[in-house]
Each structure stands twice: as C-alpha cells, then as structure tokens.
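Data block below; observations after.
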Protein chains: 2
Amino acid sequence: MKYENIVVRVGRMPLPGALTADAYEYCAEPLEALKPGEIRIETIYASIDAGARGMLDPSANYPMLLRPGNRVYTSGVVGRVIESLDPAFVPGEFVRALSVTRQKYLTVAPKRTLGVRKVDPSDGPLHIHIGSLGMTGFTAWIGTFTIGLPKPGETMLVSAAAGAVGSVAGQIAKAIGARVVGIAGGAEKCSAVVSRFGFDACIDYKSDGLGEAMDAACPVGIDIYFENVGGAIQKLAMERMNMFGRIIMCGQVSQYDGNGGGSEGGPNLMNVINRRLNLRGFISSDHMDAFPAFERSALSLVRSGKLISYATVTKGFDQLHDAVNSLTQGRNFGQQVHQMADDPMTSDC
Amino acid sequence: MKYENIVVRVGRMPLPGALTADAYEYCAEPLEALKPGEIRIETIYASIDAGARGMLDPSANYPMLLRPGNRVYTSGVVGRVIESLDPAFVPGEFVRALSVTRQKYLTVAPKRTLGVRKVDPSDGPLHIHIGSLGMTGFTAWIGTFTIGLPKPGETMLVSAAAGAVGSVAGQIAKAIGARVVGIAGGAEKCSAVVSRFGFDACIDYKSDGLGEAMDAACPVGIDIYFENVGGAIQKLAMERMNMFGRIIMCGQVSQYDGNGGGSEGGPNLMNVINRRLNLRGFISSDHMDAFPAFERSALSLVRSGKLISYATVTKGFDQLHDAVNSLTQGRNFGQQVHQMADDPMTSDC
C-alpha cells in the first residue's frame with residue numbers, strides 16, 4: 001500500500017484572541033515503509049486540550065511552547081490500524097495512542113510508544129479513550145487522588161466543571177462519597193453539570209454574586225479546590241477553604257489568553273498558613289507510572305455507569321483552529337475533540 | 001510560703017504601629033496553694049514570637065486574636081522551681097514549659113502540661129530552651145523536615161534569616177548538606193547571618209536590586225523557600241523556584257503590621273503548575289507528637305556545635321511592649337526574649 005500522509009504543523013504564530021485558519025498548516029508528506037514492530041493508524045479523533053492555545057503564546061508561561069513549523073502535539077488519538085508489523089495488532093482494530101502528534105496516518109511502535117492499546121468499541125464512543133480514559137481523565141485522577149485526597153462527606157469545588165478534566169474530577173470524587181460543587185459558565189452548562197455529570201451543585205461564574213453563590217453551595221466551606229481557572233475565582237475559593245484544605249493546581253486557563261497571561265496577581269497567601277492549606281501544582285505526564293492504575297480504576301467506573309463522558313466534536317481534518325477556539329471560547333461541553341476522519345461507529349458517517 | 005503573683009494581660013487594643021506601654025497590664029493576683037502534682041516556677045525568660053503583634057490586630061488575620069483582659073500567651077518560658085508537689089521536680093532546678101501564659105509565678109502540673117522538663121544549664125544560655133530548643137526551633141524543624149525536605153546540594157532560601165525561626169531553619173538545612181541563602185534587613189545582620197549562623201550567603205532586602213541579588217546568590221535557582229515574610233520577597237522567590245520546589249509557608253510578617261494585613265495580593269500561581277511546586281502552610285502546634293524527635297535532633301546539633309543560638313533580651317518584667325516592638329521593628333537578632341526575673345546563670349545579674 002502507498003499512502004500520502006498529512007502532518008499538522010504550526011503555521012503563523014497567532015495574535016491574541018481567537019485563532020484564524022493560518023495558525024496551522026496541513027502538510028502533505030511521504031510515508032516511509034513500516035519497520036518491524038511498527039503499526040500505522042488512521043487517526044479518527046484527536047484530543048484538544050486546555051493548553052492548546054497557551055502553547056502558541058510565548059507570554060502565557062505555559063509549560064510547552066510551539067513555534068512555526070513544529071508538529072502539533074495532542075494528548076491522545078484514537079483510530080484504526082491500517083497496517084501492522086506488530087503481530088499483536090491486526091488491521092481494522094481500533095487503537096488509542098497517548099501524547100503523539102496530529103497526523104492523518106500515525107506510525108508508532110506499540111512496544112515503544114506511550115499508551116498504545118486496543119480499545120473496545122462497546123465501552124462507549126471511541127473518543128472516550130482520549131477523554132475520560134485518556135490523559136484528561138488521568139489528569140483529573142492524579143490531581144484528585146494524589147493531591148486532593150477527598151474523603152466521604154468533604155466538599156470539593158471544581159472550576160471549569162463542564163470541561164474534560166473538571167467533569168471527570170467531580171465524578172470520581174463523587175464516586176467516593178464527596179460532596180462536589182462545580183463552577184461553569186452559563187445556566188445551561190451549570191444545569192448540565194448537575195444533571196449529566198451528577199454534581200451536587202454548580203455555580204454560574206457569569207452571574208453576579210459569585211462569592212455569595214460559593215457560600216450558598218458550600219455551606220460548610222471548601223475542603224478541596226480543583227483549580228483549572230485562576231484569577232478572581234481562585235481568590236474567592238482561597239478565602240473559603242477549610243482548615244487543612246488542599247488546592248489541586250491543575251490549570252489557570254484565565255491566564256492563557258494571549259494578553260500577557262500569568263501576570264495577574266494571585267490571592268494573598270496568609271490563609272495558606274492560618275488554615276494549613278496545601279497547594280500543589282502538577283502535570284499529569286510526570287506521573288505516567290500511575291497510568292495503569294488509573295486505567296483500571298476509570299474503566300471500572302465507566303463500565304458501572306459512574307463516569308459519564310461527553311464530547312464536543314469539531315469535524316474536518318483542517319478545522320483544528322476552530323476546535324481550539326471552541327475550547328477557549330467555552331463552546332465545548334465535556335471533552336473537546338477534533339475529528340480527522342469518519343467514525344465508522346457513529347451512524348451519521 | 002505566700003507569694004503574690006503578677007499576671008500579664010492585654011491592656012488597651014493598640015493602634016497600628018509600635019506598641020505603647022498600655023498595651024499590656026501587669027495584674028497583681030493571689031496565688032492558690034499548690035495541688036498534688038503541681039509545681040510553681042518563677043519565670044526568668046519568656047519567648048516573644050512573630051505573632052505577638054498580630055495577635056493584637058483584628059485585621060491581621062492571624063490564627064489567634066487576643067482581647068483586653070486576656071492573659072498573654074507565650075510559646076515558652078524557662079525559670080526555676082520554687083515549690084513542688086511533684087516528686088520529680090525539686091525547688092532550685094531549672095525547668096522549661098511550652099505554650100503557657102506570662103506570669104511572674106507559673107503554676108503547672110508537669111504530667112499534664114505541654115513540654116515541661118528540666119533543663120541542663122551546661123547546654124548554653126537558659127533561653128536556648130525557649131529558642132532553638134523550644135517552639136521556635138521546633139517550627140523551623142517541622143517546616144524544614146516535613147515540608148521542605150532539603151537534600152544535600154539543594155538550595156534553600158530563608159526569609160527573616162536573622163530571626164529565631166529562620167536562623168534555625170538555615171542551620172539545620174545546612175547541617176544536612178543543603179546550600180542555604182538567607183534574606184535579612186541591613187548589612188550588619190546579613191554579615192552576622194553568614195558569620196554566626198553559617199549561611200552560605202545572605203541578601204539584604206533593604207538594598208536595591210533584590211531580584212538580581214537573589215539570582216546571584218541562587219545561581220541554579222531555589223529548591224526550597226522557607227517563607228516568613230510574604231509581600232514583594234515572596235513574589236521574587238516564587239519566580240525563581242526550580243521544578244518540584246517546595247515553599248514552606250510559615251509566616252508572612254510583612255502582613256501583620258496593623259494596617260489591614262493579609263489584603264495585599266500574592267504572586268500569580270501559574271508557576272505553581274509549570275514548576276510543579278508544593279506550597280504548604282503549617283502551625284507547629286499541630287505537630288506536637290513530633291516534639292520529642294525534634295528535641296533529640298536539635299539537642300544533638302546544639303551539643304555538637306552545629307546549631308548556634310543568639311537571643312536579643314529585653315529586661316524588665318513590665319517591658320513586654322518594648323520586647324514586642326524590638327521584634328516587629330527588626331531590632332532583634334536571633335530569638336527575641338523577655339526577661340522577667342534575674343538570671344542566676346549570667347554574670348551581670
């Protein structure tokens with residue numbers, strides 16, 4: 001077989017604000033013949049993660065910065081094997097790979113590549129494997145269970161609760177008996193955070209009286225704050241933390257906006273002492289040795305119906321900029337996914 | 001024997017700034033006869049701790065707030081037994097008690113009171129037992145060894161390095177092989193932090209170019225920051241933390257000044273995520289189960305000459321306000337101590 005690959009690369013470094021189509025280039029490139037142990041995957045879905053915009057913004061102080069011509073990273077893809085020189089993988093099977101680049105045809109050696117495994121389409125939509133069961137779910141799991149350590153009856157507040165990480169964090173804390181309160185933008189999202197993801201309450205950060213709303217939703221204070229946003233919400237949450245509270249520093253999406261993010265002052269840290277708080281930053285890729293434990297745990301929750309996934313899908317191989325904008329503009333609900341090929345498991349393709 | 005006691009109580013709640021003499025009252029009060037198991041101590045020295053001013057300022061957000069008429073707390077006293085109904089204690093012996101109130105004659109039951117033990121005058125000046133070997137030393141030890149966890153070769157930055165807690169923190173980190181950099185006010189103090197306490201370097205926060213001075217003194221960044229001051233120094237230190245750095249949140253003395261402390265914004269917390277930092281607040285009294293381990297460790301360092309103590313002594317039973325001012329105005333070097341009776345172990349009494 002002879003294919004031509006398409007590799008997604010950074011085009012022009014964007015100006016502040018929404019991305020335009022020229023932020024990415026879709027480069028036709030030849031494919032080499034497979035080497036022993038390699039397989040070739042046609043990418044169906046690739047994850048869009050909260051850092052996608054920050055990686056294109058030198059002022060965002062994001063952990064990874066891309067430059068024009070660089071290949072574009074994704075925390076995970078799911079697709080179908082089209083060629084294989086690894087006897088454990090057969091063409092036609094569905095597979096998932098973590099922390100790879102966006103290409104029409106991805107070549108990986110399963111034994112030497114992170115998180116390549118077959119996926120069972122009966123577990124749910126294919127993109128669940130790059131969402132709740134992928135790096136975003138893993139991020140929620142590491143933050144919740146290595147830093148937050150919620151106990152039954154404790155209150156965990158989750159910002160960006162309608163997003164991929166926040167929605168999983170709330171559900172897994174709820175599954176162990178915590179009271180879970182979300183923060184999301186708009187009445188519709190808040191309602192869905194409660195009805196679909198099963199949070200006990202959800203606060204609309206776009207409405208007035210955010211502090212009062214936090215007080216009402218967390219009447220005995222906050223034991224754990226899963227921090228995805230930073231800014232004003234961070235300050236209000238810090239003031240409401242209980243003694244010995246934990247703050248899971250996962251993201252500060254309010255600071256990635258291409259306008260000199262990372263410069264806005266944070267909360268006064270006096271309460272960190274008074275209330276013996278523990279704030280800890282983390283990046284899930286530092287914890288990959290825990291991925292198998294996560295996978296067993298999350299798969300069991302998915303199969304028992306305790307971990308629900310939703311995805312917002314942007315279709316079209318060349319629509320990556322719009323998929324990123326969907327995330328940064330808060331148009332997504334749940335995981336934001338970029339669909340790069342037809343999904344044979346859905347009826348509309 | 002019949003004594004009249006003098007108990008130190010809060011007088012008038014102070015205005016912002018230095019304390020005046022009427023901040024405290026020295027109240028003559030009768031003493032009851034001892035009950036079985038009790039001893040009576042004539043207080044020679046009482047510790048003055050960083051929170052002494054914050055406890056009189058409702059706006060300081062300090063963990064403990066005193067009101068007019070309240071007895072005044074101290075983290076420790078050292079004195080001499082003058083009466084005893086506990087057969088293990090004999091009049092004339094020197095003893096130390098932790099977390100008690102300031103009185104001319106302190107009545108305690110050693111078996112039911114925190115940290116009452118005999119002290120050996122050959123270990124050094126009597127006040128060492130309420131300094132390096134008391135709650136201030138314990139605070140340094142808990143912060144350093146339960147949160148900071150310095151390893152040989154790592155860089156630990158210590159603010160308020162000439163103070164009671166900071167000077168011990170730096171010395172115990174140095175004793176396990178860390179590189180230790182202090183921050184103190186003025187060239188004289190900085191010089192003494194290096195020459196007396198053995199820090200590798202000390203930065204004068206009163207001089208210009210504090211950030212550049214930190215860069216020069218910490219050429220490979222900061223692994224551990226022992227935070228006693230908050231404010232501008234906190235922000236500069238945060239920007240220079242290395243990956244996986246730890247911030248020991250012990251105090252924010254810059255925020256206790258009676259001018260609405262605790263309201264100044266803190267550093268942007270983006271670096272907490274990027275660099276996987278861990279900030280943890282603590283109060284040493286939460287950790288009293290570790291006190292015996294601390295005591296063995298610190299006493300061994302004192303006896304081997306690796307933990308040096310200095311104290312600034314304010315003499316005069318009714319001079320507590322001046323002793324507190326000495327601390328808040330940075331007139332002290334090392335432990336700030338309030339001398340309430342003659343010290344038979346020093347030649348000038």
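The values are calculated or read from the model by the stated rules, or taken from the named source; none is laboratory data. Predicted model only: the values in this text are computed from it and were never measured. Glycine gets a Cβ as well: all are built from the backbone with ideal geometry, and neighbour counts include every protein chain shown. Remember, those area values only see protein heavy atoms, side chains included, never the ligands or the DNA or RNA. Shrake-Rupley method; radii C 1.70, N 1.55, O 1.52, S 1.80 Å.
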Practice task
Among the candidates B:Gly170, B:Gly177, single out the residue that is away from every other protein chain (no Cβ under 14 Å) and assigned to a helix (DSSP H, G or I).
Solution key: B:Gly170
Practice task
State yes or no: is B:Gly185 in contact with a Gly (Cβ under 6 Å, 6 or more places away or on another chain), touching a residue at least 60 places away in the same chain (Cβ under 8 Å) and either more than 16 Å from B:Ala50 (Cβ to Cβ) or open to solvent by 10 Å² or more (accessible area, probe 1.4 Å) (or both)?
Solution key: yes
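Kindly indicate whether B:Asp204 is touching a Cys at 6+ places or on another chain (Cβ under 7 Å), away from chain A (no Cβ under 14 Å) and not aliphatic (A, V, I, L, M).
Taking the combined requirement at face value, the residue satisfies it.
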Practice task
For residues that are of a type outside the set (S, T, N, Q), at pLDDT 95 or above and assigned to a helix (DSSP H, G or I), tally how many sit in the stretch B:201-236.
Solution key: 11
Handout entry: Output for the stretch A:30-61, where each listed residue is hydroxyl-bearing (Ser, Thr, Tyr) and within 15 Å of the chain's Cα centre (by Cα)
Key = A:Tyr45, A:Ser47
Practice task
Could you figure out which of (1) within 19 Å of the chain's Cα centre (by Cα); (2) crowded, with 19+ Cβ neighbours inside 10 Å; (3) farther than 19 Å from A:Lys151 by Cβ; (4) not small (Gly, Ala, Ser) isn't true of A:Arg196?
Solution key: (2)
Exercise for the section: Considering every residue within the stretch A:237-257, establish whether at least one is open to solvent by 40 Å² or more (accessible area, probe 1.4 Å), facing another protein chain (nearest Cβ under 9 Å) and at pLDDT 95 or above. Expected result: yes
Completion exercise
When (1) surrounded by fewer than 24 Cβ atoms within 10 Å (Cβ to Cβ); (2) within 16 Å of the chain's Cα centre (by Cα) are applied to B:Val158, the one that fails is (1)
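Can you tell me which residue within the stretch A:67-92, out of those that are within 24 Å of A:Pro344 (Cα to Cα) and among the charged types (D, E, K, R), is farthest from the other protein chains (Cβ to nearest Cβ)?
A:Glu83
Residues are listed down the side, and each one gets a yes or a no for (1) out of contact with any strand residue (DSSP E or B) (no Cβ under 9 Å at 6 or more places or on another chain); (2) at pLDDT below 95; (3) under 26 Å from A:Met55 (Cβ atoms):
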{"residue": "A:Leu279", "(1), (2), (3)": "no, no, yes"}
{"residue": "A:Asp286", "(1), (2), (3)": "no, yes, yes"}
{"residue": "A:Phe294", "(1), (2), (3)": "yes, no, yes"}
{"residue": "A:Leu320", "(1), (2), (3)": "no, no, yes"}
Practice task
Report yes if B:Gly170 is modelled with pLDDT of 95 or more and of a type in the set (Gly, Ala, Ser), otherwise no.
Solution key: yes
Handout entry: Condition broken by B:Val313, with the remaining ones in (1) of a type in the set (A, V, I, L, M); (2) in a strand (DSSP E or B); (3) surrounded by fewer than 16 Cβ atoms within 10 Å (Cβ to Cβ) satisfied
Key = (3)
Exercise for the section: Determine if the stretch A:104-113 includes at least one residue that is in a loop (DSSP other than H, G, I, E, B) and open to solvent by 20 Å² or more (accessible area, probe 1.4 Å). Expected result: yes
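For the stretch B:56-66, what are the residues that are modelled with pLDDT of 80 or more, within 14 Å of chain A (Cβ to nearest Cβ) and open to solvent by less than 20 Å² (accessible area, probe 1.4 Å)? Before you say what the answer is, go through the steps one by one.
Residues of the stretch B:56-66 modelled with pLDDT of 80 or more: B:56-58, B:64-66.
Subsequent filtering for residues that are within 14 Å of chain A (Cβ to nearest Cβ) retains B:57-58, B:64-65.
Correct list: B:Asp57 only.
Is it true that some residue in the stretch A:287-295 is surrounded by fewer than 16 Cβ atoms within 10 Å (Cβ to Cβ), within 14 Å of chain B (Cβ to nearest Cβ), out of contact with any Pro (no Cβ under 6 Å at 6 or more places or on another chain) and in a helix (DSSP H, G or I)?
Going through the stretch A:287-295, the residues surrounded by fewer than 16 Cβ atoms within 10 Å (Cβ to Cβ) turn out to be A:289, A:292-293.
Filter again for within 14 Å of chain B (Cβ to nearest Cβ), leaving none.
The answer is no; no qualifying residue exists.
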Fill in the blank from the handout: Scanning the stretch A:1-25 residue by residue, the ones that are hydroxyl-bearing (Ser, Thr, Tyr) and open to solvent by less than 70 Å² (accessible area, probe 1.4 Å) total 2
Exercise for the section: Examine the stretch B:216-226 for a residue that is within 12 Å of another protein chain (Cβ to nearest Cβ) and open to solvent by less than 30 Å² (accessible area, probe 1.4 Å), and state whether such a residue exists. Expected result: yes
Fill in the blank from the handout: Only unsatisfied item for A:Pro91, checking (1) part of a loop (DSSP other than H, G, I, E, B); (2) in contact (Cβ under 8 Å) with a residue 24 or more places away in the chain; (3) not hydrophobic (A, V, I, L, M, F, W, C), is (2)
Handout entry: Residue match in the stretch B:262-277 (condition: more than 9 Å from chain A (Cβ to nearest Cβ) and either crowded, with 19+ Cβ neighbours inside 10 Å or in contact (Cβ under 8 Å) with a residue 40 or more places away in the chain (or both))
Key = no
Exercise for the section: Could you run through the stretch A:69-96 and say how many residues are surrounded by fewer than 15 Cβ atoms within 10 Å (Cβ to Cβ) and hydroxyl-bearing (Ser, Thr, Tyr)? Expected result: 0
Exercise for the section: Look at A:Asn325 and say whether it is in a helix (DSSP H, G or I) and free of Cβ contacts under 8 Å to residues at least 40 places away in the same chain. Expected result: no
Practice task
From (1) at pLDDT 95 or above; (2) open to solvent by less than 30 Å² (accessible area, probe 1.4 Å); (3) touching a strand residue (DSSP E or B) at 6+ places or on another chain (Cβ under 7 Å), pick out the condition that doesn't hold for B:Gly37.
Solution key: (3)
Handout entry: Every residue from the stretch B:119-147 that is in a helix (DSSP H, G or I), within 13 Å of B:Ile308 (Cβ to Cβ) and among the hydroxyl-bearing types (Ser, Thr, Tyr)
Key = none
